[in-house]
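The values are calculated or read from the model by the stated rules, or taken from the named source; none is laboratory data. Because the structure is predicted, anything quoted here is derived from the model rather than measured. Backbone-built Cβ (ideal geometry, glycine too); neighbour counts: all protein chains shown. Only protein heavy atoms, including side chains, enter the accessible area calculation; ligands, DNA and RNA are left aside. Shrake-Rupley method; radii C 1.70, N 1.55, O 1.52, S 1.80 Å.
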Amino acid sequence: FRSVHPYTDPDYIAASITLPPMYLQTSDGDYLKDYTTDFADALERNNQTVQLRVLADESLTHAFPAMNPEREETAEVIDDLSQFFS
């Protein structure tokens, strides 16, 4: 039996494999905010390409761009994401 813990550790993931460029977004209302910021930091420490956007808004929950397409912030995230990958 292999533990799944290493596969959830941002440092292990970032150091173990080369990932494609990553655009990560989170917000103050996202229950995974700390994990997302830790993952972005780990990617940077391992010289992987990452752009992190943190929105300072408690009303923006996890996956808000998919769940709240009408929000102005969703359009901003999509524009930022498009620029990152172009």
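Within the range 10-86, which GluC sites (Glu not before Pro) sit in a loop by DSSP and count at most 14 neighbouring Cβ atoms inside 10 Å?
Glu58, Glu70
Under 14 Å from the Cβ of Leu24, count the other residues' Cβ atoms, weight Lys and Arg +1, Asp and Glu -1, and hand me the total.
-4
Taking N as the number of residues in the chain, what is its alpha-carbon radius of gyration divided by 2.2 N^0.38 Å?
Rounded to two decimals, the normalised Rg is 1.18.
Tell me the carbon and sulfur percent of the accessible area for the chain, rounded to whole percent, probe radius 1.4 Å.
Of the solvent-accessible surface of the chain, carbon and sulfur hold 54 percent.
Based on DSSP loop calls and a cut-off of at most 14 other Cβ atoms within 10 Å, the longest stretch of the chain free of exposed chymotrypsin sites (Phe, Trp or Tyr not before Pro) is what?
32-84
Put +1 on the Cβ of every Lys and Arg and -1 on every Asp and Glu Cβ in the chain; which of Ala66, Thr18, Ile78 then has its Cα farthest towards the positive end of the dipole?
The residue sitting farthest along the positive end of the dipole is Thr18.
What distance in nm lies between label points placed 7 Å from Cα along the C-beta direction at Ala75 and Glu58?
The answer from the label model is 2.7 nm.
In Å², and per residue, what accessible area does the chain have when probed at 1.4 Å with the other protein chains present?
Result: 66 Å² per residue.
Using the Cα centre of the chain as the reference point, and only Cβ charges (+1 on K/R, -1 on D/E), how large is the resulting charge dipole? Debye, rounded to the nearest 20.
The calculated dipole for the chain is roughly 480 debye.
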